[in-house]
Ligand code: GLU
């Protein structure tokens, strides 16, 4: 008798420990997770200067990181309680679907295909697809001059998709995991240009002072959204409210000037939120 109940007590203790220790409690909305855990895991880029960059001390900097911190704070989570996790273009949907991150702030364009898998708040920034070439390149002057060129972009990105859809005949496309890998290949002369959003390219041009230049003829509209778990309507509304506040209290402009501003990229106005 005694043996049995002791076993039951042990079993209960073991069960409770698993429930508490795993930290795997799932929440219907990021709002509940932030409120109860006071912690968030946020996916950002780690190699995009001015936007999402891992610094030598292991922390992250850039406009996306500032947006993430502001939104987290509005949800009740302090910057010190955010775990930033590197995402690349191809794994953002999967990271959200699998719960590896609670939100993604990573130069992440809102589009219909992605909306099948995740939800978006925003947009909080509008960029456009452009080209980054070596500074001495006088021929590649825009998308109309792409014939016969070797381009580099990133797997799972909208610019790579656009090249495959609209320029498949005239260009050879190399897809890398990250844009920084592309930069090395263009600097090394193996490839002619990198194509992705102008604001990302401006960061690399500034990083490699004088060796690379942005062509400056944007040929798409990239609206950056904050990726959330699909159907988290409560989360989307809360994040949109946070963005609205960030636009109006001056923090958005301040964050932009202090991050992207370093590359000389002309700061646009805050966009109109798309609430749905
Ligand atoms: N904004 C584009 C996208 O979401 C390109 C930048 C990126 O790959 O992060 O695919």
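The values are calculated or read from the model by the stated rules, or taken from the named source; none is laboratory data. If you're wondering where the values come from, they're calculated on a predicted model, not measured in any experiment. A quick note on method: Cβ atoms are made from the backbone with ideal geometry, for glycine too, and the neighbour counts reach across all protein chains shown.
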* Which of the residues belonging to region 28-47 are within 16 Å of the ligand (Cβ to nearest atom) and over 15 Å from residue 67 (Cβ atoms)? -> 46, 47
* To do: Would you please name the residue that is nearest to the ligand (Cβ to nearest atom), looking only at residues in region 145-160 that are within 24 Å of residue 51 (Cα to Cα) and more than 17 Å from the chain's Cα centre (by Cα)?
  => 152
* Structure fact -> Being modelled with pLDDT of 95 or more, more than 11 Å from the ligand (Cβ to nearest atom), farther than 19 Å from residue 202 by Cα and touching a strand residue (DSSP E or B) at 6+ places or on another chain (Cβ under 6 Å) narrows 163, 133 down to just 163
* To do: Take the residues in region 98-114 that are away from the ligand (no atom under 12 Å from the Cβ) and out of contact with any strand residue (DSSP E or B) (no Cβ under 9 Å at 6 or more places or on another chain), then tell me which one is farthest from residue 270 (Cα to Cα).
  => 98
* To do: Output the residue which, of all residues in region 170-184 that are out of contact with any helix residue (DSSP H, G or I) (no Cβ under 9 Å at 6 or more places or on another chain) and either in a strand (DSSP E or B) or modelled with pLDDT of 95 or more (or both), is farthest from the ligand (Cβ to nearest atom).
  => 172
* Asked: Can you name the residue in region 72-84 that is crowded, with 17+ Cβ neighbours inside 10 Å and in contact with a strand residue (DSSP E or B) (Cβ under 7 Å, 6 or more places away or on another chain) and is also farthest from residue 35 (Cα to Cα) among such residues?
  -> 84
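Scan region 129-144 and tell me whether some residue there is within 19 Å of the chain's Cα centre (by Cα) and either assigned to a helix (DSSP H, G or I) or under 25 Å from residue 212 (Cα atoms) (or both). Talk me through it step by step, then tell me what you get.
Filtering region 129-144 for residues within 19 Å of the chain's Cα centre (by Cα) gives 129-130.
With either assigned to a helix (DSSP H, G or I) or under 25 Å from residue 212 (Cα atoms) (or both) added as a condition, the list becomes 129-130.
The answer is yes; a qualifying residue exists.
Is it fair to say residue 206 is buried (at least 19 other Cβ atoms within 10 Å of the Cβ), away from the ligand (no atom under 12 Å from the Cβ), in contact (Cβ under 8 Å) with a residue 12 or more places away in the chain and in a helix (DSSP H, G or I)? Don't jump to the end; show me each part of the working.
Details: buried (at least 19 other Cβ atoms within 10 Å of the Cβ): no; away from the ligand (no atom under 12 Å from the Cβ): yes; in contact (Cβ under 8 Å) with a residue 12 or more places away in the chain: yes; in a helix (DSSP H, G or I): yes.
Against the criterion (buried (at least 19 other Cβ atoms within 10 Å of the Cβ), away from the ligand (no atom under 12 Å from the Cβ), in contact (Cβ under 8 Å) with a residue 12 or more places away in the chain and in a helix (DSSP H, G or I)), residue 206 does not qualify.
Can you go through 162, 217 and tell me which one is in a loop (DSSP other than H, G, I, E, B), surrounded by 15 or more Cβ atoms within 10 Å (Cβ to Cβ) and in contact (Cβ under 8 Å) with a residue 12 or more places away in the chain? First the steps, then the outcome.
Working: 162 fails: in a loop (DSSP other than H, G, I, E, B).
Unique residue meeting the criteria: 217.
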* Structure fact -> Note on residue 120: of the conditions (1) out of contact with any helix residue (DSSP H, G or I) (no Cβ under 7 Å at 6 or more places or on another chain); (2) in a loop (DSSP other than H, G, I, E, B), unmet is (2)
* Scan region 224-273 for residues that are exposed (fewer than 14 other Cβ atoms within 10 Å of the Cβ), away from the ligand (no atom under 16 Å from the Cβ), in contact (Cβ under 8 Å) with a residue 60 or more places away in the chain and farther than 24 Å from residue 115 by Cα and report the count. => 1
